[in-house]
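Below is one structure, written out as structure tokens; the observations come after it.
Quick note: the coordinates plus some simple rules give every number you see, no bench work behind them. No experiment lies behind these values; they were computed from the predicted model shown. So basically every Cβ, Gly included, is an ideal-geometry build from the backbone, and we count neighbours across all protein chains shown.
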Amino acid sequence: MLDAHSVLEVLRPVQDPELRKSLVELNMIRDVTIDTGVVSFTLVLTTPACPLREFIVDDCKRAVQQLPGVTEVLVDVTAETPQQKSLPDRTGIAGVKNILAISSGKGGVGKSTVAVNVAVALAQFGAKVGLIDADIYGPNAPTMLGLADAKVMVRQGATGEILEPAFNHGVKLVSMGFLIDPDQPVIWRGPMLNGVIRQFLYQVQWGELDYLIVDMPPGTGDAQLTLVQAVPMAGAVIVTTPQTVALLDSRKGLKMFQQLGVPVLGIVENMSYFIPPDLPDRQYDIFGSGGGEKTAQELGIPLLGCIPLEITLRQGGDKGLPVVVADPDSASAQALVAIASSIAAKVSVAALT
């Protein structure tokens, strides 16, 4: 008999490829209806950025089509991002499901470029995304998100001042760049840095977010310690270039997160090679090659992706149009979108296992 129970039973062997568990047991199959041979149901993914979405849908359709009497299978795909695991000694942010650090050991490796484009890519998938520019001494995210002239509204809340984040390209943003003049240097010691990062975490009207990405300053100092000790982290992503000096520093940053109990989701190799705009079929290894893959293998950490250096990538950051928006068909944009999907998948696996 063709009914909801038989549909669920035939779908029971179908697994989420990342979680390796039954879709039915994970409650990812919902609202099964049958109308004269047409089977409809909702597939609830664990992230809107699921890289295997079409693969899972095809598996579901093949399974249901085996049932006698089925003439058509309609799958409505939606997503519910799981909440990261809480920690007893760290205070989460109300409404924020997952907090991620994009970090590096060395400056100048394109960490902010990765953070901004990953945030925008996740928003393009349909996720609710926020971004903290935690590089207090050199805040660049407002320029890269096209918010250089934006003003952050400050209102009085029950526990003090509350900041209203700026918004563009689907991403909410707070940054020291909104609070100081463009040419004003921030000359602070650690306690003041600690205070403003905590303000960005707890005194911002973030609302409901699937992912709050923190663009970290380079190094392993006060900002990193403040973040890790304040909130439960879903994970950290380490950005490097293939260059030896960058890889040496990236290993230190990676080890820092591991020692502090933060899962390292993987390594991103930026500026992997240069693609000249007039010769798109050529690649030049300006900073060497294979360094990110070698380091990932040595440390047992996934290599999330390699991003080529293209002029459109640099132009997008300067103009406030991230390359995933300005030139989505470019090699760098496609690499960044794939990296965003991989990060989201790993966060979901960590939350549900």
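Brief remarks on what is shown
- Shape call, region 4-79: gyration tensor on alpha carbons, a/c limit 1.5: prolate
- Rounded to 5, percent antiparallel among DSSP beta bridges of the chain: 30 percent
- Long-range amide H partners of VAL96 with built H, under 5 Å: LEU209
- Projected label distance in nm at VAL38 and ALA94, using a 7 Å step from Cα toward the beta-carbon: 4.4 nm
- CD proxy at 222 nm, helix term only [per DSSP H run n ≥ 4: -39500 (n - 2.57); per residue of the chain; nearest 500]: -10500 deg cm²/dmol
- For the chain, the membrane-span-like helices by this rule, meaning whole DSSP H stretches whose C-alpha atoms cover at least 24 Å of axis and whose Kyte-Doolittle mean is 1.0 or above, are 331-352; this says nothing about an actual membrane.
- Phi-based couplings in Hz for region 34-41 (Karplus 6.51, -1.76, 1.60; Gly and Pro marked x): 9, 9, 6, x, 8, 9, 10, 7
- Between the beta carbons of LEU2 and MET192, assuming R0 = 56 Å, the FRET efficiency works out to 0.25 to the nearest 0.05.
- Distance between modelled label sites at LEU87 and GLU298, nm, 7 Å Cα→Cβ extension: 2.7 nm
- Global geometry of region 68-115, whether rounded, prolate or oblate, following the gyration tensor of its Cα atoms and the 1.5 cut on a/c: oblate
- Extension gain from ARG20 to ILE162, taking 0.36 nm per residue of separation minus the Cα-Cα distance: 46.9 nm
- With 0.36 nm allotted per residue and the present C-alpha distance subtracted, the GLN66-LYS319 stretch has 85.8 nm of extension available.
- DSSP bridge orientation in region 4-79 - percent antiparallel, rounded to nearest 5: 45 percent
- Put simply, the Cα atoms of region 143-223 extend 31, 31, 26 Å along their principal axes, the longest span coming first.
- Label point distance in nm, TYR284-THR78, each placed 7 Å from Cα along Cα→Cβ: 5.1 nm
- Contact order normalised by residue count of the chain, Cα under 8 Å, 6+ apart, percent: 20 percent
- Region 165-213: chymotrypsin sites (Phe, Trp or Tyr not before Pro) falling in loop per DSSP and having at most 16 other Cβ within 10 Å: TRP188
- Annotation: amide H-H contacts under 5 Å for GLY146 (H modelled 1.01 Å from N, sequence separation of 5 or more, or interchain): GLY320.
- Positive dipole terminus of region 99-352, leading residue within LEU313, GLN199, PRO139 (C-beta point charges): GLN199
- Long-range amide H partners of LEU303 with built H, under 5 Å: ILE267
- Computed from phi, the 3J(HN,Hα) profile of region 208-213 under the Karplus parametrisation 6.51, -1.76, 1.60 (θ = phi - 60°) reads 8, 10, 7, 9, 10, 9 Hz, with x in place of Gly and Pro.
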